[in-house]
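Enquirer: Got a structure for you, written out below as structure tokens; questions coming shortly.
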């Protein structure tokens, strides 16, 4: 990527797509492996942008589409038209969807008939629905003209001819709603500067690794799916090979092998499923694997390296950081950490109780400052004031930065319970239980099988509850935890068999649903 972070995301897309208009920028594996050239994406996006300018007066446009050519074109059209794309989470339930539509003031949604039929009553209700397929057919001639012009005209001339704004800076470029894993979704406003800065930071970490393609299966309403597998390819990054869902490991293995994908960004649970279903034959050609969203278990890292022959690099990000914060990479990695911070981002740790700054190496609440940190939550100055202090973003994560610059995440504030005055980490208990299940072959394998949550307790404030989807002997489980050195205070008080562990479409545990199941 070139240009300054004061320019618009739209202009960055014009540069990225028009410079090599003849290259295949996207392969839609969900549509039979359709290869889409950069110039064709550009032409379709511009033709549709003109239609949006004429017919949609509001600033924000809802999008209900999976990863693929359609989702890329819809998002591209919005930014080229000077509008904010809002990819709605169609897996979060009707209440969360209605909340997002209401908060964002969305009156128009772009989607496809197949999506509307599939979602039924869960499809977001708005004043107007635009069928992307119909629109593209109606604008086909204009799309072809713009595609041809992309082959012969410089980016600046194309932007001028198409009336694409070149200025972005602190204006809103994207709006993502948090997954709602802990309650009602919050609207995270991302500016042009935020997204472009993070794209440069990603390039700074991965740009010299000569990664020619990456898998795009994470939802577009997920921050990694939005920035890493959507805007990075559209602004000149590697080719993206898309598939509509991260939940089909068999199909994803086929896609990775067939299209020679270089980079896989996923979650530990999805990686475990891929490893078990796809195997070395399909995954062995990957050049780099990065996991995020949840802590990478050491056992999974070792098993993947042994069975597939590829190292797994743990990274870390959050929606409020656009999202990439830190990542391990070849030549700069340390097991157990999430790597070094991306360029231009600062971190400090503070005491949760007093807010006092801590020394380097001391664990505390992580605070971040940099060009990729968001300006605030949509319509919620009360929430914004709680997390943004003098330019520093006060996160919900505990961690520490060592003397060599590697960041370790101890856990999320929402994933700790205060029992008898001590903070007990849910993730550590889960990791030990998962390792025990693997060692004893008691688990079924292929995904989350245990989740630690908590319910209120009159005596100690909270009591730990283990949700499990596999058969589990409570006495043997507690014995295993004690043998592994976990304190008596950390022992769960209740085990509850559930049909499946609740997870979100992003691959994260659904914390709110987990608490409901534990207390039900």
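Enquirer: Would you mind computing, in nm to one decimal, how far apart the modelled labels at residue 479 and residue 35 are, each placed 7 Å from Cα along Cα→Cβ?
Expert: Placing both labels 7 Å along Cα→Cβ, they lie 6.0 nm apart.
Enquirer: Pull out the extension gain between residue 348 and residue 260, defined as 0.36 nm times the separation in residues minus the alpha carbon to alpha carbon distance; nm, one decimal.
Expert: Full extension from residue 348 to residue 260 adds 27.7 nm.
Enquirer: What does the extension gain come out to for residue 363 and residue 245, with contour length at 0.36 nm per residue minus their alpha carbon separation?
Expert: This chain segment gains 38.8 nm when fully extended.
Enquirer: To continue, here is another question. Could you work out the helix-only [θ] at 222 nm for the chain, with each DSSP H run of four or more residues adding -39,500 (n - 2.57) and the total divided by the number of residues, to the nearest 500 deg cm²/dmol?
Expert: So the calculated ellipticity at 222 nm is -10000 deg cm²/dmol.
Enquirer: Can I ask one more? Taking Rh as the Kirkwood radius computed over C-alpha pairs, what is the Stokes-Einstein D of segment 1-114 at 4 °C in a medium of viscosity 1.567 mPa s, expressed in µm² per second? Don't skip to the end; give the middle numbers.
Expert: Values: Rh = 15.1 Å.
Calculated translational D: 86 µm²/s.
Enquirer: Shifting gears a bit: Can you pull the semi-axes for segment 247-306, root of five times each eigenvalue of the Cα gyration tensor, sorted largest first, whole Å?
Expert: 17, 11, 11
Enquirer: What does segment 313-413 give for Rg and for Dmax, in Å, if only its C-alpha atoms count?
Expert: Rg and Dmax of segment 313-413, Cα atoms, are 13.3, 43 Å.
Enquirer: Also: For residue 385 and residue 24 in the same chain, what is the full-extension length gain: residue separation times 0.36 nm, less their Cα-Cα distance, in nm?
Expert: Numbers: separation 361, 0.36 × 361 = 129.96 nm, distance 4.42 nm.
Length difference between fully extended and current span is 125.5 nm.
Enquirer: In 5 Å bins starting at 0, how do the alpha-carbon pair distances of segment 115-177 split up by percent?
Expert: Taking all Cα pairs of segment 115-177, the binned fractions are 3, 12, 13, 14, 16, 18, 13, 8, 3, 0 percent.
Enquirer: I would also like to ask the following. Using a simple spin-label model with points 7 Å from Cα along the Cα→Cβ vector, what separation in nm is obtained for residue 148 and residue 500?
Expert: Going from the residue 148 label point to the residue 500 one covers 4.9 nm.
Enquirer: Still on this structure, I have one more. Sticking to Cα atoms, compute the Rg of segment 162-316 to one decimal and its Dmax as the biggest Cα-Cα distance, whole number, in Å.
Expert: According to the Cα coordinates of segment 162-316, Rg and Dmax are 16.4, 53 Å.
Enquirer: Taking a temperature of 20 °C and a viscosity of 1.002 mPa s, what whole-number D in µm²/s does Stokes-Einstein yield for the chain with Rh from Kirkwood over alpha carbon pairs?
Expert: Working: Rh = 23.7 Å.
Roughly 90 µm²/s, to the nearest whole number.
Enquirer: Provide, in order from the shortest bin, the percent of all Cα-Cα pairs of segment 34-181 in each 10 Å bin, continuing until the bin that contains the maximum pair distance.
Expert: Spelled out per bin, shortest first, that is 11, 41, 33, 13, 2.
Enquirer: Compute log10 of I(q)/I(0) for segment 229-356 with the Debye formula, placing one identical point scatterer on every Cα and leaving out solvent, at q = 0.13, 0.23 Å⁻¹, to two decimals.
Expert: -0.58, -1.54
Every read-out reported here was derived from the displayed coordinates using simple, explicitly stated rules and does not represent laboratory data. Please read these numbers as outputs of a predicted model, since none were measured by experiment. No Cβ is skipped: glycine too gets one built from the backbone with ideal geometry, and neighbour counts run over all protein chains shown.
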